[in-house]
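The structure appears right after this line, and notes come after that.
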Amino acid sequence: MHKPRVLFLCTGNSARSQIAAAFLRAYADEHFEVYSAGLEPKGFILPEVPVAMKERWLDMDGQTSKSVTEYLGTLHFAHVITVCGDAEENCPTVFLNMGIHVHWAFDDPAKFQGDEVEKLEFTRKVRDQIDQRLQQWLQSQNIEPSSN
């Protein structure tokens, strides 16, 4: 059976979309094919992200920052979820017109100014907001999140 594809989209694909994709894989991998991408990928994941996710027992090893152009003309997404304002405003129209499009605004850990401890704390806050919003979305889809 074909699982619907979900694309999480942000600017750099270095934090928010990676976090959302990791949580969805953990909670509902049997229900969805999960992807993440960026409009202008940074080429790396912020160092705080794997640390914050490992605190939730989610391993980010092997995850890379990807461009949304990798999926242009190759995949159809049932759900396109933008997780930052820039992606919402500048997303290629082809993605916004396929499937169901929603926007979830989260602060950008990449733009946070502070020392390493403060950056990690800020990333944790964004991680928890994404987790909460994703669980609400799953419930609206009548899917009970698997425990991770």
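The numbers here are math on the coordinates, done by the rules we state, and not lab data. Predicted model, so just to flag it, every value in this text is computed and none were measured. Neighbour counts run over all protein chains shown; Cβ positions are idealised from the backbone, glycine included.
Can you find, among H79, Q113, F23, the residue sitting farthest towards the positive end of the charge dipole of the chain, where Lys and Arg contribute +1 and Asp and Glu -1 at Cβ?
In the chain, that residue is H79.
In segment 9-109, which trypsin sites (Lys or Arg not before Pro) are in a loop and have at most 14 other Cβ atoms within 10 Å, using DSSP for the loop call?
K42
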